[in-house]
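Worksheet: the structure to be examined is printed underneath.
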Amino acid sequence: MNSYKDLKVWQMAIDLTVDCYQLTRKFPREEVYGLTTQMRRAATSIAANIVEGHGREVTGSFIQFLRISQGSLKELETHMLISHRIGLIDESEFGQMTGKCDEIGRMIRALIRSLQEK
């Protein structure tokens, strides 16, 4: 692996961020400083922490930043659940987004395990 761009989990995190931005565009204006901002920040943080950890070029640091990325993923899932429960996200959108989150979470955990085994 020469570049973080080669990491499938990073690519998927970028796609999730784009999906999050598209999803929150239709949120009401009064949420612009609420759930919209929180969801976008959390989504962006997932990919950003993967890159930051990779860039440190130290396995321990990479693992630490992958764990931070996991935390941001869980934060995004929580904001999506709230958005769903208050009617901002419909059932289909919620299912699609949480499915992507689940897959990314599995990939982050697998990457952490593989790095710990080195």
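What to note about this one:
- Of all the residues in the stretch 84-118, those that are of a type in the set (Gly, Ala, Ser) and under 16 Å from the mean Cα position of the chain (by Cα) number 4.
- Subset of the stretch 74-95 (residues that are in contact (Cβ under 8 Å) with a residue 40 or more places away in the chain and not hydroxyl-bearing (Ser, Thr, Tyr)): 76, 79, 80, 82, 88, 89, 93
- Test: residue 41 is of a type in the set (Lys, Arg) and over 17 Å from residue 108 (Cα atoms): yes
- No other residue among 95, 105 is modelled with pLDDT of 95 or more and surrounded by 15 or more Cβ atoms within 10 Å (Cβ to Cβ) apart from 105.
- All positions within the stretch 8-52 that are hydrophobic (A, V, I, L, M, F, W, C), farther than 15 Å from residue 93 by Cβ and at pLDDT 95 or above: 9, 10, 12, 13, 14, 42, 46, 47, 48, 50, 51
- Index of the failed condition, residue 62 passing every other in (1) surrounded by 17 or more Cβ atoms within 10 Å (Cβ to Cβ); (2) out of contact with any His (no Cβ under 8 Å at 6 or more places or on another chain); (3) farther than 28 Å from residue 92 by Cα: (2)
- Scanning the stretch 32-57 for residues that are surrounded by 17 or more Cβ atoms within 10 Å (Cβ to Cβ) and under 14 Å from residue 80 (Cβ atoms) yields 35, 36, 38, 39, 40, 42, 43, 46.
- Taken over the stretch 1-31, the criterion of being acidic (Asp, Glu) and either in contact (Cβ under 8 Å) with a residue 40 or more places away in the chain or surrounded by 12 or more Cβ atoms within 10 Å (Cβ to Cβ) (or both) is satisfied by 15, 19, 31.
The values are calculated or read from the model by the stated rules, or taken from the named source; none is laboratory data. Predicted model, so just to flag it, every value in this text is computed and none were measured. FYI the Cβ positions are ideal-geometry reconstructions off the backbone, even for glycines, and counts take in every protein chain you see.
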